[in-house]
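Please treat every number below as a calculation from the coordinates, not as lab data. Because the structure is predicted, anything quoted here is derived from the model rather than measured. Backbone-built Cβ (ideal geometry, glycine too); neighbour counts: all protein chains shown.
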Amino acid sequence: MKCMKCGKPAFASVTSEAIELGFGLLVIRDIPCYKCEECDEIFYTGDVAQKIEEIVAEAKMLMQETRVIYYKR
Ligand SMILES: [Zn+2]
C-alpha cells in the first residue's frame, strides 16, 4: 500500500475518527487504516470507508428522538 499523498510506503495501523453529526460527536475507535511513514497521512481501503459511512448512518438513526435498537445487534 502506498501513500496517496506522497507515494511513500504506508503500513497497516488503527486509528480513531471523530465525526460531527450536527447534534453530537461520534467517535469511532479501532478503525483499520493505512498510515504513511513519511507524512503521517491516514487513509482507508474502500471497504473500510464504506463501513464508516454505514456506522455514521446508523449512529444518526440511533441518536434521533425515537430510538430503536435491534435485539440481534
Ligand atoms: Zn505520505
| note | Charge tally for neighbours of Ile28 with beta carbon under 14 Å away, counting Lys, Arg as +1 and Asp, Glu as -1, is -3
| task | For Lys60, go through the lysines and keep the ones whose alpha-carbon is under 20 Å away, minus same-chain ones fewer than eight residues off. | result | Lys51, Lys72
| request: Please determine, in degrees from 0 to 90 and to the nearest 10, the orientation of helix 46-62 with respect to the longest principal axis defined by the Cα atoms of the chain, where the helix direction is its Cα long axis. | output: 20
| said: Given a Förster distance of 30 Å, report the FRET efficiency between Ala12 and Ala57 from their Cβ-Cβ distance, rounded to the nearest 0.05. | reply: 0.70
| remark: When Lys5, Lys72 are arranged by how many other beta-carbons sit within 10 Å of their Cβ, fewest first, they go Lys72, Lys5
| note | For the chain, the Cα convex hull volume per residue in Å³ comes to 97
| remark: Exposure-ranked with fewest Cβ neighbours within 10 Å first, Tyr71, Tyr34 stand as Tyr71, Tyr34
